[in-house]
Structure formats: C-alpha cells, structure tokens
C-alpha cells in the first residue's frame, strides 16, 4: 500500500493499539462445539483479538460457510426451541487485503481484513437463517442462554473492544429469522468510566444496563451510577425505566461485566 492511509485503516490501527488484556476479554461463554448432527461442520478458529484488530485468519472451505470466511466461532444450542441442537456460526467476510499491508504486527501480518460480521443458524429441523451483525467487522459470542419469555436461546455478541470497554448486541430467532434486540450494551471500562449489564427474571423478563461515571476525587470516592432497565418483548428490548444516583466506592467487578443471569440464563 502506498500513499496516505485511508481513514478506515487509521481507525483499525488505532483500535489495535488501544486493545489491552485489562479490558473484558473476547471469547465465548456459551456451550461448546459439541453434540451430534451436522456432519462436516467447521470448528472454532483461534483468534481472540479479532474484534479489536478487525483482521482474521482465513477459514478452510466448508459447505456451511460462504467463501472467504474467517474469525469463525462455532456453537450448538437450541435456538429454534424444538428440543434439538442447532448449528450456530459467527464469522466474518474477509477481503483479499492482508493485515501486514496495514502496518499491524508480525503476528497478524498474514491475516486478512474483515469487512462484515455475519451470524448464521442452521436449524436441526431444516432451514438456515443468516444476518449481518450490526456495527461489526468481526465479532465474538460472549453468551448464549435462555434469558426471556420467548422459547429458545438468545445470543449475546461482542461487536467492539478497546481499552475503555466493550459493547455487545443481542439476537434471537423468530419465525425463521434472526432478529436484533435493538440495543447496544456496554461492559468493562477504565478508571473513569465503567459499565455492565445483567439479565433478570420476571414477567416480562428484564435486562438492566449499569453505567458508572467517576466524579472523584479518587476511584474509591464518588461515582454517578445510571441504571437503565429494559423489558424483553419477544426478541426486542424495550426501555421501561432509568434512574441516576450518586454512590460511594469503586463499582465491584460483578457490576462491570456481563452478569451471571445473561451467561447461565434466567429460565425466562
């Protein structure tokens, strides 16, 4: 590549520089790639930094994937709520541009630039649903559990990660289509701003997003906390309440991550 770097490239290099292991890790907290069915299904690729860097290894050709797929995560879960395990594929479409052309490190140089993240569910009972993941070139499944009154599991997908925290979106399957919840969720953070969310039981089931802003004079003194509560209406999250208040002391880790209710499920 010659001449000035385009803005999108500069942004990707900046994101890679901001990435740190002190932030919430990418990866998967849902069920593993186990179970029967789907012969020849691909396996998850190792690429824990794909969300932050926007570059991915190329996956081997597979009948369940389009050509030039990468950043592949494979899971099995009952998304369709018919008592059978469906095949869940989260992958990126890759360009022909190598990461080395962007000036990224040697460990990434042979990977390819991701252009868009895709979510695909191959149902055990037949049918395939595929959707582009909102706002992501590369993504990671961070939770997969039954968290609302709809049958079937919901997917929580990380779409960004920098030193100041991470964001995720949620998807569910309805009438054979993958539907976004419509809300961007934040978690992790740094010394001046933190966030976390959890899934709660109830009818309707709820999700609470907590954000924390330092007002000082130290991280052990005063923070403003804003709690925004959403109710699940089918696969959608609808805001029903919000409150802001002052609290003393560093917010605990249990409130600045993805809560256990979203990871293990609430029963709906």
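Only the coordinates and a few stated rules stand behind these numbers; no lab work does. On a predicted model such as this, the values are computed, not experimentally measured, just so you know. Don't worry about glycine lacking a Cβ; one is built from the backbone with ideal geometry, like all the others, and counts go over all protein chains shown.
A few comments on the model shown:
- Alpha-carbon centroids, region 54-116 and region 137-208: separation in whole Å: 20 Å
- Note on residue 225 and residue 46: the model spin-label points, each 7 Å out from Cα along the C-beta direction, lie 4.0 nm apart.
- R0 of 22 Å, Cβ-Cβ distance residue 174-residue 116: FRET efficiency to nearest 0.05: 0.45
- Relative contact order, whole percent, for region 53-126 stands at 33, derived from Cα pairs under 8 Å and 6 or more residues apart.
- Simple spin-label estimate for residue 260 and residue 213 in nanometres, 7 Å along Cα-Cβ: 3.1 nm
- Over the chain: helical MRE at 222 nm, DSSP H runs n ≥ 4 each giving -39500 (n - 2.57), nearest 500: -2000 deg cm²/dmol
- Label of the coordinate-derived value, Cα extents along the principal axes in Å, listed as (i) 53, 53, 25; (ii) 56, 40, 37; (iii) 84, 39, 31: (i)
- For region 110-268, the square roots of the Cα gyration tensor eigenvalues, ordered a ≥ b ≥ c, give a/c of at least 1.5 with a/b no greater than b/c, which places it in the oblate category.
- Cα coordinate range in region 53-147, projected on the principal axes (Å, largest first): 47, 28, 20
- Among 90, 200, 104: highest mean-square fluctuation, GNM of the chain, C-alpha pairs under 10 Å: 104
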